[in-house]
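Asks: Take a look at the following structure, please.
The values are calculated or read from the model by the stated rules, or taken from the named source; none is laboratory data. None of these values were measured; they are calculated from a predicted model. So basically every Cβ, Gly included, is an ideal-geometry build from the backbone, and we count neighbours across all protein chains shown. Areas reflect the complete protein model, heavy atoms only, side chains present, ligands, DNA and RNA absent. Shrake-Rupley method; radii C 1.70, N 1.55, O 1.52, S 1.80 Å.
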Amino acid sequence: MRNHISIKSPGEVDGMRAACRLAARTLRMAGELVKPGITTEEINEAVHTYTIEAGAIPAPLNYGADPGRGVPPFPKSVCTSINEVVCHGIPSKKDVLKEGDIVNIDVTTILDGFHGDTSRTFLVGQVAPETKQLVETTWECLHRGIRTIRPGGRIRDIGSAIQDYAEQFGYGVVREYVGHGIGRFFHEEPQIPHFRSSGKNPRIQAGMTFTVEPMINLGTHETILDPIDRWTVRTADKKLSAQFEHTILVTDDAYEILTDWKYLD
Ligand code: MF3
Ligand code: CO
Ligand code: CO
């Protein structure tokens, strides 16, 4: 994490717009592949090739090594998180999607030095009604969080709106993984909690770019990190988890969703 909040210049905002548009286009492409029988490795290969052919770099590949803590670099070009996997799932030939599953695909693209970060949870064929409700509610949580954003506002208002809504359904809101500032770096200040937090509460300013990416669980909010691969995060009770993510620009009067699909042809 970069340790100060960067305010993007108009030129940097243009760079962010382009990176975010490419990330959104890549995610839309990946989502079209989701169907019973495809492996998450095939999704990884498609994202990797699409990104390189666009003259960009897949940010997850080789990201995040922490030798001191025994964390290896992330080995693939996209995160694919199936069912009880909360986030940071590693694509694999062994993971074949099946009818009734949900899968979050999290794309982060580096274009001309700027990062765009966006994810969606896709339904694999027909899913159970309680699964569909979790996924739809998580999408609504993302947008309720986003709608609190305005210059002069406060970061903590985002998570309060998300948790207030999620709890009406009895869902758990993940705390260990948060949204983040983004720009020339993948993860910058500030952190964006998706729950009611009593931590830092920076003022929101025009020119900030950050993600909102709530992870909402059918059961407990608690998570477990895979002790072997040191990346895959699962719900502690192995119940389902859904997530959606957008990269946001704070504008002079409100916000712009830089990874919105409405900007795609
Ligand atoms: N894209 C994730 C996020 O939203 C981070 C993935 S880190 C990786 O912040 F190394 F797993 F790719
Ligand atoms: Co992110
Ligand atoms: Co992401």
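Asks: Just name one of GLY15, GLN133, GLY159: the one whose Cα is farthest towards the positive end of the charge dipole of the range 2-264 (beta-carbon charges, Lys/Arg +1, Asp/Glu -1).
Replies: Most positive-ward Cα: GLY159.
Asks: Hey, rough spin-label estimate for SER92 and TYR263, points 7 angstrom out along Cα→Cβ, what's it come to in nanometres?
Replies: Inter-label distance under the simple model: 3.5 nm.
Asks: Separate question: In a shell of Cβ-Cβ distance under 10 Å around GLU213, excluding GLU213 itself, what net charge do Lys and Arg (+1) and Asp and Glu (-1) give?
Replies: Local net charge: -3.
Asks: Also, quick follow-up: Regarding the chain, what are the three Cα extents along the principal axes, ordered largest first, in Å?
Replies: Here the spans come out as 46, 44, 44 Å, largest first.
Asks: What is the extension gain from ARG175 to ASP253, computed as 0.36 nm multiplied by their sequence separation minus the C-alpha to C-alpha distance, in nm to one decimal?
Replies: On the way: separation 78, 0.36 × 78 = 28.08 nm, distance 2.92 nm.
Once the chain is fully extended between ARG175 and ASP253, it gains 25.2 nm.
Asks: Then there is this: Taking square-rooted eigenvalues a ≥ b ≥ c of the alpha carbon gyration tensor, is the range 1-133 rounded, prolate or oblate, where a/c under 1.5 means rounded and, failing that, a/b exceeding b/c means prolate?
Replies: Numbers: a/c = 1.84, a/b = 1.52, b/c = 1.21.
Verdict is prolate for the range 1-133.
Asks: Oh, and also: Do you know the relative contact order of the range 2-264, to the nearest whole percent, from alpha carbon pairs under 8 angstrom that are 6+ apart? Write down the numbers at each step before the final one.
Replies: Details: 676 pairs, mean separation 61.2, N = 263.
So the answer I get is 23 percent.
Asks: Taking the Cα centroid of the range 181-211 and of the range 1-71, what is the distance between the two, rounded to the nearest whole Å?
Replies: First find each Cα centre; the distance between them is then 19 Å.
Asks: Let me ask something else about it. Anything over 24 Å Cα to Cα? Flag those among LYS8/LYS200; LYS35/LYS132; LYS238/LYS262; LYS8/LYS76; LYS76/LYS200, in the order listed. Walk me through the numbers on the way to the answer.
Replies: Values: LYS8/LYS200 21 Å; LYS35/LYS132 16 Å; LYS238/LYS262 35 Å; LYS8/LYS76 29 Å; LYS76/LYS200 33 Å.
Check vs 24 Å cut-off fails for LYS238/LYS262; LYS8/LYS76; LYS76/LYS200.
Asks: Take the solvent-accessible surface of the protein heavy atoms, probe 1.4 Å, and return the percent of it on the chain that carbon and sulfur atoms account for.
Replies: Details: 5690 of 11480 Å².
The nonpolar share, carbon plus sulfur, comes to 50 percent.
Asks: Probe of 1.4 angstrom, ligands and nucleic acids ignored: what's the accessible area per residue over the chain, in square angstrom? Mind showing how you got there, number by number?
Replies: Numbers: 11480 Å² over 265 residues.
So the chain comes to 43 Å² accessible per residue, rounded to a whole number.
Asks: Given labels modelled 7 Å from the Cα in the Cβ direction, how far is it in nm from GLU32 to ASP164?
Replies: 4.0
Asks: Another question, if that's okay. List the trypsin sites (Lys or Arg not before Pro) within the range 118-177 that fall in a DSSP loop (any state other than H, G, I, E or B) and whose Cβ has at most 13 other Cβ atoms within 10 Å.
Replies: Working: sites: ARG120, LYS132, ARG144, ARG147, ARG154, ARG156, ARG175; in loops: ARG147, ARG175.
Passing both the DSSP loop test and the Cβ count: ARG147.
Asks: Quick check on the range 207-265: what does the Kirkwood estimate of hydrodynamic radius come out to from the alpha carbon pairs, in Å? Working shown, then result.
Replies: Details: mean 1/r = 0.0718 Å⁻¹.
Every distinct Cα pair counted, the radius reaches 13.9 Å.
Asks: How much mean residue ellipticity at 222 nm does the chain get from its helices, if each DSSP H run of length 4 or more adds -39500 (n - 2.57) and you divide by all residues, to the nearest 500 deg cm²/dmol?
Replies: Values: 4 runs with 68 residues, N = 265.
It lands at -8500 deg cm²/dmol.
Asks: Considering only DSSP beta bridges whose two residues both sit in the range 2-264, what percent are antiparallel, to the nearest 5? Please report the intermediate quantities before stating the final value.
Replies: Working: 41 of 43 bridges.
Antiparallel bridges: around 95 percent, rounded to the nearest 5.
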